[in-house]
Amino acid sequence: MPTMNSRWVLLANAKRRIPTPTRRVIHTPPTPPSSSPPSTPPTTHYKITLRRSAISLGSRIQNTLVSLGIHRRFQTVYHRHGAEVAGKILKVKELVEVENVEEGMVMTKEEMGRERKARRGYKVVGGGGGGGEKRRSVI
C-alpha cells in the first residue's frame, strides 16, 4: 500500500490521487483613487497614414487598405480603437504610420481639406536684395 503524503489523499474506490486544497488567499486592501485628475485625456482613435505604396503587393493587402479607407499614399484616416481595426493595422504595419490621438484631434475630410488649402492673398517674403543697393532696370 502506498504511503500517505500530507498533500495527497488516496481514494480506495477510484485508485487515483486527488490533491488536497492548499491555496492561500491573500487579501489586499483596495487602493484609494488619486485625487488629481489625469494630466492627459485618454487616446481614443488611431491616426493612420499610408507611407508606402501597395501596388506590387497582393490583392489581400490592397483590400485591407481599402477596408481601412486608404486609397492613396500620404492619405490619413481616423478610426476608433477596436480589435477589428487593430488587426487590420497589423496586416499592413509595414506600409502605414499609426499614432494614438485623443478625440479632440480627430478631423473630418472637410477639415483636412481646409487645412491643406493655401491661404488667400499673397505675402511678401524677403525684400530688396539685402545689399542695400538700388536696383535699376535697363530700358
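Let a ≥ b ≥ c be the square roots of the eigenvalues of the Cα gyration tensor of the stretch 51-119; is it rounded (a/c under 1.5), or, if not, prolate (a/b larger than b/c) or oblate?
Verdict is oblate for the stretch 51-119.
Among 65, 95, what is the fewest-to-most ranking by other Cβ atoms within 10 Å?
By the 10 Å Cβ count, ascending, the order reads 95, 65.
Please rank 66, 92, fewest neighbouring Cβ atoms within 10 Å first, as an exposure proxy.
In increasing order of surrounding Cβ atoms, one gets 66, 92.
Using DSSP to call loops (not H, G, I, E or B), can you name the chymotrypsin sites (Phe, Trp or Tyr not before Pro) in the stretch 43-118 whose Cβ has at most 15 other Cβ atoms within 10 angstrom?
The qualifying sites are 74.
Can you give the net charge of the other residues whose Cβ lies under 11 Å from the Cβ of residue 52, counting K and R as +1 and D and E as -1?
With Lys, Arg at +1 and Asp, Glu at -1, the neighbours total +1.
Mind checking the dipole of the stretch 45-107: about its Cα centre, +1 per Lys or Arg Cβ, -1 per Asp or Glu Cβ, Debye to the nearest 20?
Using Cβ point charges on Lys, Arg, Asp and Glu, the stretch 45-107 gives about 320 debye.
Find which of 112, 89, 125 sits farthest along the positive direction of the dipole of the stretch 61-125, computed with +1 on the beta-carbon of Lys and Arg, -1 on that of Asp and Glu, about the Cα centre.
Of 112, 89, 125, it is 125.
Compute the relative contact order of the stretch 45-107 as a whole-number percentage, counting only Cα pairs closer than 8 Å that sit 6 or more residues apart in sequence.
Relative CO of the stretch 45-107 lands at 53 percent.
If you plug each phi of the stretch 90-105 into the Karplus form 6.51 cos²θ - 1.76 cosθ + 1.60 with θ = phi - 60°, what whole-Hz ³J(HN,Hα) values come out, in order, with x for Gly and Pro?
Ordered by residue, 3J(HN,Hα) equals 5, 5, 10, 4, 6, 9, 10, 10, 10, 10, 8, 10, 8, 4, x, 8 Hz.
Here, each number is a calculation from the coordinates, and none is a lab measurement. Here the structure is a predicted model, which means the values were calculated and not measured. A quick note on method: Cβ atoms are made from the backbone with ideal geometry, for glycine too, and the neighbour counts reach across all protein chains shown.
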